[in-house]
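Undergrad: Take this structure, written in structure tokens, and hold onto it; I'll ask about it next.
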Amino acid sequence: MVISAPTGSGKTVLFELCILRLLSRFISEGRFVHVKGMLKTIYIAPSKALVQEKLRDWTQKFGSLGINCLELTGDNEFYNTRTIQEADIILTTPEKFDSVTRYRIKDGGLSFFSDIGLLLIDEVHLLNDPRGAALEAIVSRIKMLAHNPEMKSSPLSCVRFLAVSATIPNIEDLAEWLNVPVQGIKRFGEEMRPVKLTTKVFGYAPAKNDFLFEKRLQNYIFDILMHYSRGKSALVFCSTRKGAQEAALKLSQTAMTFGYSNPFIKDKEQQERLREASLSCSDKQLQSYILYGVGYHNGGLCLKDRSLIEGLFLKGDIKILCTTNTLAHGINLPAHTVVIKSTQHFNKEKGLYMEYDRSMIQQMCGRAGRPPFDDTGMVIIMTRRETVHLYENLLSGCEMVESQLLSCVTEHLTAEIVQLTVSDIARAIEWMKCSYLYVRIKKNPEHYAVKKGISRDRIEKQMQEITVQKVNELSHHQMIWTDKDGFLLKPLEPGRLMTRYYLKFNTMKHVMQTPENCSLEDALNVICHAEEIAWIQLRRNEKKLLNDINIDKDCRIRFHINGDKQKRKKRIQTREEKIFVLANDCLTGDPSVHDLSLTQDMNSISSNGCRIAKCMKEYFIFKRNYKGAINSTLLAKSLYQKLWDDSPYLLKQLPGIGMVTAKALHSMGIKSFDTLAEADPRRIEILTGRKFPFGNHIKDSLLSLPPKVNMSIEENECHRRGMSKFVVTLTRLSQPLQSSKRHYADMIVGTEEDNLIHFHEKIRVDEFSSPYSATILLSIPQQKKLTLKANLIFEEYIGLDFHQKLLLMKESNPETNKNRCKQPSLFPPPGDVCVIEDESETTSYGPAEMLCNLTKSKTINNSIRRAWF
């Protein structure tokens, strides 16, 4: 079924009826006999807030039946294969479900896919947003797998789709995409809304930047409320907590100028109730605003204050409530008037201001009108002049839902080939025909750069040409393998890595084109050119600060943008140069950037850069490139911790230690984990100006570190002619704590001169059987000097890594082949990886001239694992 109805008309009950209908299959002889995870419902919503609201609601409603609900979002990392298998209702966002199902694919589909009996899509008009491509890919994947003959006896073969949306004109296209029969298409108009809604969209001139534009809009809110709210309750939606507080401040200051004729207070009784309520409010700012009939509501308030504000607003004592967009979901606080102050919000993941999803705007609008108190509701949207028409079309239900898949079809097609959903060119074309893009390109070809008026057969051919072109492109760049005829398709390691790390095709190409002797600076340059952060702009007002950072009079940063004659550039001129300078400033551990927009850019560079660097590390290990693997591992870990390995503020990595404490500890000579372990807790308290037992808590934070280990490398006698035998031994020096946190490290052994990795393994440091040894057999060419380096690189923490090396020289006289000395490493410490679920064999290499073996003591168990993500 596809249902189109106004927001607030009660579509949620349809989902619940469908879930109950599915569960009714467990009723046998009048008894409900439930088997965990046997029939799964997947609920997909556009936002985490909406997922979490439904999770709370459905856990309460279905929990008594033994129905298990599981949240799959970026906010919940506490899931594994078992919890997914046992879940009856999985609630998720499109991106998270896409990424999770990319990682755990086996034999052409997730093991739990066959159990899916019902797919619920909330706010399906999300397809119109740039994020809609992920939703389209998920549904196309499920449709493909449902048609697979192997799934014939499983619930997936007759999976039911239920999609709901706000009022849209082309609901029939969605029905065609989801194979919905005519009787399953239900369209409800405004008559279904319990309260009639009036909408206004106001456009304003843009400011120098997004932040200033939001601030300027505060000046217009009071006049809008006076004109349209007319003394009734109003919700003012702001994009940030600070924005909500500032809007409340501005409104209360304006109300103050009216004296006893404050438009938000009707009588003395209301004034007295507000005065009493303000006394019980613990937030001092909020306390002063309440007196004027104004409040703000966000996640930063304590539970007591939030409950107080909600109660005052529902009673009508507080007339104006400024809040963040998260209130649009969850708590039911309707109002006569809703004001949306700016249609943009700050996206933390991308680090920039973006238009709200259409579903979010409609959720906010759904708060207008309070049955039975009002028979009308008012919605005012404040936006830029150039986007007024978008929101007028959205609110009137005139906006056609188009596909967004074409711009990222290469990445999604690669994911299907990696998962073996698509195994040949015919399946690839079938996958394209399962997409919403296929439906819309026939109806509106011009929107997808196809000539209008061409025949259906020509459009079919066009789709085939797009598919073949993308396959050839992937094959050319060695992401996939094709046979001579270009028919059979198989994934190659670069394609697997691109899919696993959710990278753009162009970014993966940059990774593969990195120089063979990849330095730390080369790896950082790859990140600066990545498409994932290509939206970052170089603003005119930032140039002076960026120029000063790059000139670097205090020698703070490690790498610089150089111009002619290798002199530091005095003028930063491109986006890539800005990213490079910001990354270097961030990695000092004490950045000089404090501007809000630059800090947001910096955070996005760190999070995206860390993911790209992890992919680079995996790629270099696959290519056996020693320098590339070591440097990209260091860069990934550094970007995660926002610190270089030589930063004086390494202690910032510990919980409870911020910049101020790290600087205070540095001033007393405490710069490393070892010196902190030896420090006196009372002395720490004196120098940081904190009270007992702060010093004990700081020292206790060391317990979060991995157990101490030691690494040694030595040459042993080898009985194989022409080969040398080396043994790398790990010994745990302290016992691991009973903690739920797992600690992993990469052991990478390679030779520097020929830039080759001879051995790599991922080890769980708190679980391996000590001592653990790896044996490496190596053929050393005559008269050639080689440096064999062994590195133990912890996945998360900087300052714990081990590096050992042996200098090897094979002379013509075998008797003199003893000149090998062990030296301390001057090698910079690298590395980062992420949590492993799957176990696999050790990575070992054995070409003609060298052979690598792994020898373990009899007590070695399955805790030694290779890096799979």
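The values are calculated or read from the model by the stated rules, or taken from the named source; none is laboratory data. For clarity, every value in this text was computed on a predicted model and none was experimentally measured. Here the Cβ is made from the backbone with ideal geometry for all residues, glycine too, and neighbour counts use every protein chain on show. Just the protein is used for accessible areas: all its heavy atoms, side chains included, with ligands, DNA and RNA removed. Shrake-Rupley method; radii C 1.70, N 1.55, O 1.52, S 1.80 Å.
Undergrad: Restricting the search to segment 199-231, which residues are among the basic types (K, R) and under 22 Å from G366 (Cβ atoms)? Write out each step before concluding.
TA: Let us first name the residues in segment 199-231 that are among the basic types (K, R), namely 200, 208, 215-216, 230.
Passing the criteria: K200, R230.
Undergrad: Out of K623, K614, which single residue is of a type outside the set (F, W, Y), within 30 Å of T787 (Cα to Cα) and either modelled with pLDDT under 90 or under 18 Å from the mean Cα position of the chain (by Cα) (or both)?
TA: Working: K623 fails: either modelled with pLDDT under 90 or under 18 Å from the mean Cα position of the chain (by Cα) (or both).
Answer to the selection: K614.
Undergrad: Would you mind finding the one in I441, I459, I480 that is open to solvent by less than 20 Å² (accessible area, probe 1.4 Å) and at pLDDT below 90?
TA: On the way: I441 fails: at pLDDT below 90; I480 fails: at pLDDT below 90.
So the residue among I441, I459, I480 that is open to solvent by less than 20 Å² (accessible area, probe 1.4 Å) and at pLDDT below 90 is I459.
Undergrad: Considering each of L308, L327, L314 in turn, give the residue that is in a helix (DSSP H, G or I), at pLDDT below 90, open to solvent by 30 Å² or more (accessible area, probe 1.4 Å) and among the aliphatic types (A, V, I, L, M). Talk me through it step by step, then tell me what you get.
TA: Details: L308 fails: at pLDDT below 90; L327 fails: open to solvent by 30 Å² or more (accessible area, probe 1.4 Å).
One residue alone meets the criteria, L314.
Undergrad: List pairs: first in segment 385-410 and over 19 Å from V339 (Cβ atoms) and modelled with pLDDT of 85 or more, second small (G, A, S) and not in a loop (DSSP other than H, G, I, E, B), Cβ under 7 Å, 6+ apart or cross-chain?
TA: So the pair list comes out as Q404/G132; Q404/A133; L405/A133; C408/A133.
Undergrad: So, in segment 730-768, exactly how many residues are open to solvent by 10 Å² or more (accessible area, probe 1.4 Å) and either part of a strand (DSSP E or B) or closer than 18 Å to E795 by Cβ (or both)? Steps first, please.
TA: Within segment 730-768, the subset open to solvent by 10 Å² or more (accessible area, probe 1.4 Å) is 731-743, 752-756, 764, 766-767.
Okay, now just the ones that are also either part of a strand (DSSP E or B) or closer than 18 Å to E795 by Cβ (or both), so 731-732, 736-737, 739-743, 756, 764, 766-767.
Within segment 730-768, residues that are open to solvent by 10 Å² or more (accessible area, probe 1.4 Å) and either part of a strand (DSSP E or B) or closer than 18 Å to E795 by Cβ (or both) number 13.
Undergrad: Restricting attention to segment 114-134, and to residues there that are within 17 Å of D88 (Cα to Cα) and in contact with a Phe, Trp or Tyr (Cβ under 9 Å, 6 or more places away or on another chain), which single residue is surrounded by the most Cβ atoms within 10 Å (Cβ to Cβ)? Working first, answer last.
TA: Just the residues of segment 114-134 that are within 17 Å of D88 (Cα to Cα), to begin with: 114-121.
When the remaining residues are screened for being in contact with a Phe, Trp or Tyr (Cβ under 9 Å, 6 or more places away or on another chain), the result is 118-121.
Values: L118: 21, L119: 23, L120: 23, I121: 26.
Restricting to residues being within 17 Å of D88 (Cα to Cα) and in contact with a Phe, Trp or Tyr (Cβ under 9 Å, 6 or more places away or on another chain), the top hit is I121.
Undergrad: Okay, next question. Can you name the residue in segment 160-192 that is open to solvent by 40 Å² or more (accessible area, probe 1.4 Å) and charged (D, E, K, R) and, of all such residues, is nearest to the chain's Cα centre (by Cα)? Lay out the reasoning, then the answer.
TA: Initially, segment 160-192 is screened for residues open to solvent by 40 Å² or more (accessible area, probe 1.4 Å), giving 160, 167, 169, 172, 176, 179, 181-183, 185-188, 190-192.
Now drop any that are not charged (D, E, K, R), which leaves 160, 172, 176, 186-187, 190-191.
Working: R160: 29, E172: 33, E176: 32, K186: 35, R187: 35, E190: 37, E191: 40 Å.
Among them, the one singled out is R160.
Conditions (1) free of Cβ contacts under 8 Å to residues at least 40 places away in the same chain; (2) assigned by the TED database to the domain that holds L39; (3) in contact with a Lys or Arg (Cβ under 9 Å, 6 or more places away or on another chain), marked per residue:
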position	(1), (2), (3)
A137	no, yes, no
S153	yes, yes, no
T167	no, yes, yes
V201	no, no, no
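Undergrad: If you scan segment 208-239, which residues turn out to be among the polar types (S, T, N, Q), closer than 17 Å to T337 by Cα and in a helix (DSSP H, G or I)?
TA: Q218
Undergrad: Right, here's the next one. Outside any helix (DSSP H, G or I), surrounded by fewer than 23 Cβ atoms within 10 Å (Cβ to Cβ) and within 20 Å of the chain's Cα centre (by Cα) - does that describe any residue in segment 510-520?
TA: There is no residue in segment 510-520 that is outside any helix (DSSP H, G or I), surrounded by fewer than 23 Cβ atoms within 10 Å (Cβ to Cβ) and within 20 Å of the chain's Cα centre (by Cα).
Undergrad: Could you look through segment 202-257, keep only residues that are of a type in the set (S, T, Y) and closer than 23 Å to G300 by Cβ, and pick out the one that is most open to solvent (accessible area, probe 1.4 Å)? Spell out the reasoning first.
TA: Our first condition is that a residue be of a type in the set (S, T, Y); within segment 202-257, this holds for 204, 220, 228-229, 233, 239-240, 252, 254, 257.
From the residues that got through so far, the ones that are closer than 23 Å to G300 by Cβ too are 233, 239-240, 252.
Details: S233: 7, S239: 18, T240: 47, S252: 5 Å².
Here the answer is T240.
Undergrad: Restricting the search to segment 283-296, which residues are modelled with pLDDT of 90 or more and either assigned to a helix (DSSP H, G or I) or open to solvent by less than 50 Å² (accessible area, probe 1.4 Å) (or both)? Give the derivation first.
TA: Of all residues in segment 283-296, those modelled with pLDDT of 90 or more come to 286-296.
Listed by number, the residues that qualify are L286, Q287, S288, Y289, I290, G293, V294, G295, Y296.
Undergrad: Continuing with the same structure: Would you tally the residues in segment 712-729 being assigned to a loop (DSSP other than H, G, I, E, B) and either touching a residue at least 60 places away in the same chain (Cβ under 8 Å) or of a type in the set (A, V, I, L, M) (or both)? Give the steps one after another, and end with the answer.
TA: Pass one, segment 712-729, residues assigned to a loop (DSSP other than H, G, I, E, B): 717-723.
Remaining after also requiring either touching a residue at least 60 places away in the same chain (Cβ under 8 Å) or of a type in the set (A, V, I, L, M) (or both): 723.
Here the count works out to 1.
Undergrad: Looking at segment 258-279 only, could you name the residues that are open to solvent by less than 50 Å² (accessible area, probe 1.4 Å) and outside any helix (DSSP H, G or I)?
TA: N262, P263, F264, I265, listed by residue number.
Undergrad: Now for a different question. If you check D601, D595, which single one turns out to be more than 28 Å from Q735 (Cα to Cα) and surrounded by 22 or more Cβ atoms within 10 Å (Cβ to Cβ)?
TA: Result of the check over D601, D595: D601.
Undergrad: Take the residues in segment 131-159 that are under 25 Å from K48 (Cβ atoms) and part of a loop (DSSP other than H, G, I, E, B), then tell me which one is nearest to the chain's Cα centre (by Cα).
TA: Taking segment 131-159 and keeping what is under 25 Å from K48 (Cβ atoms), we get 131-142, 159.
Remaining after also requiring part of a loop (DSSP other than H, G, I, E, B): 131, 159.
Details: R131: 13, V159: 29 Å.
My answer is R131.
Undergrad: Still on this model: Restrict the check to segment 488-497 and report whether at least one residue is among the charged types (D, E, K, R), in the same structural domain as T421 (by the TED database) and within 18 Å of E618 (Cβ to Cβ). Before you say what the answer is, go through the steps one by one.
TA: Looking only at segment 488-497, we keep the residues that are among the charged types (D, E, K, R), and these are 490, 493, 496.
Narrowing the set further to residues that are in the same structural domain as T421 (by the TED database) leaves 490, 493, 496.
Next, from what is left, pick out any that are within 18 Å of E618 (Cβ to Cβ): 493, 496.
Scanning segment 488-497, I find at least one residue that is among the charged types (D, E, K, R), in the same structural domain as T421 (by the TED database) and within 18 Å of E618 (Cβ to Cβ), so the answer is yes.
Undergrad: Taking segment 708-729 as the region of interest, how many residues are open to solvent by less than 50 Å² (accessible area, probe 1.4 Å) and modelled with pLDDT of 90 or more? Give the derivation first.
TA: Start the filter on segment 708-729 by keeping residues that are open to solvent by less than 50 Å² (accessible area, probe 1.4 Å), which leaves 709, 711-713, 718, 722-724, 726-729.
From what's left, modelled with pLDDT of 90 or more: 709, 711-713, 726-729.
Residues that pass the stated criteria total 8.
Undergrad: Quick one: in segment 462-477, which of the residues that are within 30 Å of N444 (Cβ to Cβ) and among the polar types (S, T, N, Q) is surrounded by the most Cβ atoms within 10 Å (Cβ to Cβ)?
TA: Step by step, filter segment 462-477, then rank; the result is T467.
Undergrad: Give all pairs with beta carbons closer than 7 Å in which a residue from segment 423-438 that is assigned by the TED database to the domain that holds D173 and farther than 14 Å from N472 by Cα meets a residue that is among the polar types (S, T, N, Q) and open to solvent by less than 10 Å² (accessible area, probe 1.4 Å); count only pairs at least 6 apart in sequence or on separate chains.
TA: none
Undergrad: Any idea how many residues of segment 135-154 are open to solvent by 10 Å² or more (accessible area, probe 1.4 Å) and closer than 15 Å to L120 by Cα?
TA: Looking only at that region, the number is 1.
Undergrad: So, in segment 521-559, of the ones that are polar (S, T, N, Q) and more than 17 Å from K627 (Cα to Cα), which residue ends up least open to solvent (accessible area, probe 1.4 Å)? Before the answer, list the steps.
TA: Let us first name the residues in segment 521-559 that are polar (S, T, N, Q), namely 525, 537, 541, 547, 550.
Cutting the leftovers down to more than 17 Å from K627 (Cα to Cα) gives us 537, 541, 547, 550.
On the way: Q537: 114, N541: 122, N547: 26, N550: 0 Å².
Once the filter is applied, the top-ranked residue is N550.
Undergrad: Next up: From the list A426, A415, which one is among the hydrophobic types (A, V, I, L, M, F, W, C) and touching a Ser or Thr at 6+ places or on another chain (Cβ under 9 Å)?
TA: Details: A426 fails: touching a Ser or Thr at 6+ places or on another chain (Cβ under 9 Å).
Matching residue, one of A426, A415: A415.
Undergrad: Being in contact (Cβ under 8 Å) with a residue 24 or more places away in the chain and either closer than 14 Å to E16 by Cα or in contact with a strand residue (DSSP E or B) (Cβ under 7 Å, 6 or more places away or on another chain) (or both) is the filter here, so list the residues in segment 58-83 that pass it.
TA: First, pick out the residues of segment 58-83 that are in contact (Cβ under 8 Å) with a residue 24 or more places away in the chain: 58, 61-62, 65-68, 72-75, 80-81.
The answer is W58, K61, F62, L65, I67, L72, T73.
Undergrad: Could I ask something else about it? Scan segment 385-422 residue by residue and report those that are of a type in the set (D, E, K, R) and open to solvent by 20 Å² or more (accessible area, probe 1.4 Å).
TA: First, pick out the residues of segment 385-422 that are of a type in the set (D, E, K, R): 385-386, 392, 399, 402, 411, 416.
Within segment 385-422, R385, E386, E392, E399, E411 meet the criteria.
Undergrad: Another question, if that's okay. Go through segment 769-781 residue by residue and tally those that are among the hydroxyl-bearing types (S, T, Y) and either crowded, with 21+ Cβ neighbours inside 10 Å or part of a strand (DSSP E or B) (or both).
TA: Of segment 769-781, the ones among the hydroxyl-bearing types (S, T, Y) are 769-770, 772-773, 775, 779.
Okay, now just the ones that are also either crowded, with 21+ Cβ neighbours inside 10 Å or part of a strand (DSSP E or B) (or both), so 772-773, 775.
Residues flagged as among the hydroxyl-bearing types (S, T, Y) and either crowded, with 21+ Cβ neighbours inside 10 Å or part of a strand (DSSP E or B) (or both) within segment 769-781 amount to 3.
Undergrad: Are any of the residues in segment 679-686 in a helix (DSSP H, G or I), assigned by the TED database to the domain that holds S606 and open to solvent by less than 10 Å² (accessible area, probe 1.4 Å)?
TA: Of segment 679-686, the ones in a helix (DSSP H, G or I) are 681-686.
Within this subset, residues satisfying the condition of being assigned by the TED database to the domain that holds S606 are none.
No - not one qualifying residue is present in segment 679-686.
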